[in-house]
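Just so it is clear, none of the values below were taken in a lab; they were calculated from the coordinates. Here the structure is a predicted model, which is why all the values come from computation and not from measurement. Glycine gets a Cβ as well: all are built from the backbone with ideal geometry, and neighbour counts include every protein chain shown.
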Amino acid sequence: MKYNYHTHTYRCNHAGGSDLEYARAAYDNGFVEIGFSDHVPQIGFKGIFDSWFRMAPEETAAYFDSINKLKEEFDGKMNILSGFEVEYYPKHFQALCEHIAPFAPDYLILGQHFSNNEYDGEYLGDSGCHEEALWQYAQQIEDALKTGLFTYLAHPDLPNFRGSEETLQKVHLRLCETAKAAGVPIECNLLGIKGNRWYPKKSFFEIAAKVGCPVVLGLDAHSPDAFNHEKEEKIALDLLRECGIIPIDKPIIRRPF
Ligand SMILES: [Zn+2]
Ligand SMILES: [Zn+2]
């Protein structure tokens, strides 16, 4: 693994280390290209809801300044891209795009964690999430990918739904077909492995294999040591191999704006 487009920063309030430490760790571990994709700031949330796990809108300029500085610092050694992990919230997506477009991010990944608009939806990682939220999640991913703005779909198997397995498989199939139709690779998330989480799910990637979805590995780095990734990479590759999948090295980077 020499490419990673899923890297957070301390600005999201749940990741550690400086931006330079992430870049150094990536370089020291042999990466040739990385992208920063911190949790996107939400526009229009002020006064409604405190979405604590993301940078504030006022931090956006400093985020890009820092990445642009690192781009220069690592020039000729490692390629660095700027991006965001974006949620598709129907009520706020337009305003969000208007906020981030002037900064000209190199790419966006879609990382949906909530149904609806977050404050009026359900967290899909909650084992108590309802079937309605699960289908809504699939719908929002479909709507998001139709915009053509996204380079890949992060942790599509995030839902921790504990209801009918048959229902979950139907949703997985819909997600895979949606991503395939949009020409967007899906991610096998190595943070899930590092953190002993409920994903990546083998049952999901068995369906992805049948549908023929390209798969990309993503560190979802929340600390610089995530780039010391051999153990998690091996587990991910073994899981994918058992499903008949060989991941692609890197996604085609789509410039969103
Ligand atoms: Zn995060
Ligand atoms: Zn992430």
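Using the Cβ-Cβ distance between residue 77 and residue 104 with R0 set to 25 Å, the FRET efficiency from 1/(1 + (r/R0)^6) comes to roughly 0.65. Based on DSSP H segments of at least four residues, each scored -39500 (n - 2.57), the chain has a per-residue ellipticity at 222 nm of -11500 deg cm²/dmol.
Residue pairs exceeding 21 angstrom between C-alpha atoms, taken from 46/91; 201/234; 46/69; 91/170; 146/180; 2/77: 46/69; 91/170. Distance between the 7 Å Cα→Cβ label points at residue 95 and residue 13: 1.7 nm. In terms of surrounding Cβ atoms within a 10 Å radius of their Cβ, 130, 113, 172, 6 rank from fewest to most as 130, 113, 172, 6. If only the Cβ of Lys and Arg carry +1 and only the Cβ of Asp and Glu carry -1, the dipole of the chain around its Cα centre is close to 500 debye. Between residue 58 and residue 164, the contour length at 0.36 nm per residue exceeds the alpha carbon distance by 33.9 nm.
Scattering from the stretch 3-243 was approximated by placing one identical point on each alpha carbon and applying the Debye formula without solvent; log10 I(q)/I(0) at 0.17, 0.18 1/Å stands at -1.35, -1.50.
Taken along the Cα-to-beta-carbon direction at a fixed 7 Å, the label points for residue 257 and residue 135 span 3.5 nm. Structural descriptor for the chain: relative contact order 21 percent, calculated from alpha carbon pairs under 8 angstrom and at least 6 residues apart.
Each Cα pair under 8 Å and six or more residues apart adds its separation to the average, and for the stretch 21-116 the resulting relative contact order is 33 percent.
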